[in-house]
Amino acid sequence: YNSDISRPVYGPAVDRLIQSVILYRKGKVDKIFLSGGSGLLFMKQFKEAEILSTEIQDLCVDETDIWMENESRNTYENAVYTAKTLREKNYEGSLLLITSAHHMRRSLACFEKAGLKVTPFAVDSYAGKIIWRPERILIPDAENLWTWDILIHEWIGCIAYKLKGYI
């Protein structure tokens with residue numbers, strides 16, 4: 001959320017939100033469960049699930065079809081608080097876990113550890129068919145530094161979560 005312009009500013013992981021709304025609008029899912037509070041040390045008032053709830057309502061998702069938890073600060077807490085909320089609602093239906101492909105392994109492990117049986121639906125993939133063009137061979141691609149950062153972040157996250165007993 002950018003307080004200077006008073007609206008969310010989407011990053012590369014927006015595919016999670018878009019695919020969720022597409023599945024909802026096509027009737028493939030009945031509800032969208034948004035999980036996420038503020039993972040920030042400062043500006044804790046900006047809770048991701050609440051902000052995104054407003055945004056997807058603008059995309060024609062009925063407010064009654066949006067469930068959320070807005071206290072979690074990381075993936076482990078996303079899973080724990082989601083499981084708690086679903087138990088409180090006595091929900092026993094199927095669950096589709098929509099998250100970025102690079103983050104799916106850790107997310108899936110956390111949700112299963114929290115006692116939820118989920119079906120993975122990976123989005124925001126960095127893999128796929130490479131289209132070879134002369135400029136890709138001749139000009140270094142700075143984006144590769146970003147993808148290494150994502151990979152290293154997930155490796156460290158998996159190790160840390162394993163050591164803490166989250167997965």
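The values are calculated or read from the model by the stated rules, or taken from the named source; none is laboratory data. If you're wondering where the values come from, they're calculated on a predicted model, not measured in any experiment. Note that each Cβ is placed from the backbone with ideal geometry, even for glycine, and that neighbours are counted across all protein chains shown. Please note that ligands, DNA and RNA were not included when accessible areas were found on the heavy atoms of the full protein model with its side chains. Shrake-Rupley method; radii C 1.70, N 1.55, O 1.52, S 1.80 Å.
Quick rundown of the values:
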read-out	value
Among Asp62, Asp141, Asp15: highest mean-square fluctuation, GNM of the chain, C-alpha pairs under 10 Å	Asp141
Shape category assigned to region 51-95 from the gyration tensor of Cα positions, a/c cut at 1.5	oblate
Eligible aspartates and glutamates near Lys117 by straight Cα distance, threshold 19 Å, same-chain separation 8 or greater	Asp30, Glu69, Glu77, Glu88, Glu92
When the convex hull of its Cα atoms is projected in every direction, mean area for region 19-80 (nm²)	4.4
Fully extended contour minus Cα-Cα distance, from Asn74 to Lys164, at 0.36 nm per residue	31.1 nm
Whole-Hz ³J(HN,Hα) from phi, Karplus 6.51 cos²θ - 1.76 cosθ + 1.60, for region 97-102, glycine and proline x	8, 9, 7, 4, 4, 5
Span from the region 110-124 Cα centroid across to the region 28-85 one, whole angstrom	16
For the chain, size of Cβ-based charge dipole, Lys and Arg +1, Asp and Glu -1, in debye	580
Simple label model, 7 Å out from Cα along Cβ direction - Ala101 to Asp65, nm	2.7
Förster-model FRET efficiency, 22 Å R0, Lys28 and Thr54, C-beta, rounded to 0.05	0.45
Protein accessible area in region 44-115, 1.4 Å probe - carbon and sulfur %	45
Accessible surface, per residue, of region 11-167 when the full set of protein chains is kept, probe 1.4 Å, Å²	68
Sites excluded, trypsin sites (Lys or Arg not before Pro) in DSSP loops with at most 14 other C-beta within 10 Å, longest stretch of the chain	45-88
Residue-averaged 222 nm ellipticity for the chain, from DSSP H runs of 4+ at -39500 (n - 2.57), nearest 500	-13500 deg cm²/dmol
GNM top mover of Val80, Val123, Val29 - the chain, alpha-carbon springs below 10 Å	Val29
Cα→Cβ-extended label distance, 7 Å offset, between Ile156 and Tyr91, nm	3.2
